Structure formats: C-alpha cells, structure tokens
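The values are calculated or read from the model by the stated rules, or taken from the named source; none is laboratory data. The structure displayed is predicted, hence computed values, not measured ones. Reconstructed Cβ throughout: ideal geometry from the backbone, glycine too, with neighbour counts over all protein chains shown. We work out accessible area using only protein heavy atoms, side chains counted, and drop any ligands, DNA or RNA first. Shrake-Rupley method; radii C 1.70, N 1.55, O 1.52, S 1.80 Å.
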Amino acid sequence: MVNFVKLGIIIFCIIFFSAMNSFAQQNNLQDISSQEFSKMDKDQNGLISSSEMRVYQAEKFNELDKDKSGDIAAEELAADTTKMHHPADRDMNGKVSREESDSQFKEYFQQMDKNKDNQVSEAEYTDYWKLIHRF
C-alpha cells in the first residue's frame with residue numbers, strides 16, 4: 001500500500017510541475033509577444049502596418065547580423081530570442097539572407113492579418129504566436 005501512495009505522490013508532482021512549467025512558458029510567450037509587438041508598432045496606434053513590419057524586420061536583421069556580412073549566420077541566428085528568423089532559411093544553407101528574411105516577414109504579416117485589413121492588431125499578433133508555439 002505504501003508503494004501505491006508514493007507512486008501517487010510522484011505522479012501528482014509530475015503532473016503539477018508540468019502544468020506549472022506550461023503556464024510559465026505561456027506567460028513568458030505573452031511577455032515576449034507584447035514586447036515585440038510594441039517594438040513593431042512604431043506609431044503606437046495599437047496596430048502594425050506592413051511598413052512598420054518591414055522597418056522592424058530590417059532593424060532585427062541588422063541587429064542579428066553582428067559581423068555585417070549581409071547574412072545571419074547560424075551562430076548569429078542562435079541569438080534570435082524571438083525565433084522569428086529561424087524558419088527563414090529557405091535554401092537550408094545554415095544562414096538567413098536579407099531576401100529570405102524579407103520573404104519570411106511578408107509571410108508572417110499575411111498570416112497574422114486575419115481580417116485582411118492590411119494591419120495587424122495585438123490580438124492577431126499574439127493569437128498567431130500562441131498558435132505557432134503550440135505545435
């Protein structure tokens with residue numbers, strides 16, 4: 001009987017701490033999403049236009065391209081805490097070119113803009129990233 005009690009406690013702890021970790025990850029994702037949304041929303045009107053997205057993308061690309069080679073190398077890509085550039089390496093050569101980055105962010109914008117008003121609200125933005133990080 002004692003072994004079943006210990007096993008039950010162990011199972012409970014595993015479930016409890018897994019749930020807490022998931023909750024913490026969701027809160028962290030929400031914090032990152034809000035911070036990045038604010039950085040993109042240059043005019044602070046609560047919406048991201050396609051031009052604001054392009055400006056953000058260029059700034060982020062330049063920030064990540066530490067050696068100013070015109071590409072984000074694998075080591076530089078590892079510093080991308082937003083993970084927004086990670087899927088951009090379309091030719092799978094281990095680095096992200098400016099063209100690949102531009103293309104990826106255009107795709108992001110189109111996917112985020114659910115109501116197709118050529119603007120992304122904070123709700124559209126956070127819903128998109130919640131969906132992406134769920135998989």
Scanning the range 73-85 residue by residue, those touching a His at 6+ places or on another chain (Cβ under 8 Å) and outside any helix (DSSP H, G or I) turn out to be ASP80
Checking ALA73 against (1) under 20 Å from LYS130 (Cβ atoms); (2) in contact with a Lys or Arg (Cβ under 6 Å, 6 or more places away or on another chain); (3) of a type in the set (A, V, I, L, M, F, W, C), the condition it does not meet | (1)
The range 37-55: number of residues that are open to solvent by 10 Å² or more (accessible area, probe 1.4 Å) and either under 15 Å from the mean Cα position of the chain (by Cα) or in contact (Cβ under 8 Å) with a residue 40 or more places away in the chain (or both) = 7
Answer with yes or no whether THR126 is open to solvent by less than 20 Å² (accessible area, probe 1.4 Å) and within 15 Å of LYS39 (Cα to Cα).
-> yes
Filtered residues of the range 30-57 (kept if over 18 Å from ASP117 (Cβ atoms) and either modelled with pLDDT of 95 or more or in contact with a Lys or Arg (Cβ under 7 Å, 6 or more places away or on another chain) (or both)) | VAL55, TYR56
For the range 86-123, enumerate the residues that are surrounded by fewer than 18 Cβ atoms within 10 Å (Cβ to Cβ), assigned to a loop (DSSP other than H, G, I, E, B) and of a type in the set (D, E, K, R).
-> ARG90, ASP91, LYS114, LYS116, ASP117
Check on THR81, within 17 Å of the chain's Cα centre (by Cα) and open to solvent by 80 Å² or more (accessible area, probe 1.4 Å) | yes
Evaluate the following for GLN110: is it of a type in the set (S, T, N, Q) and under 17 Å from the mean Cα position of the chain (by Cα)?
-> yes
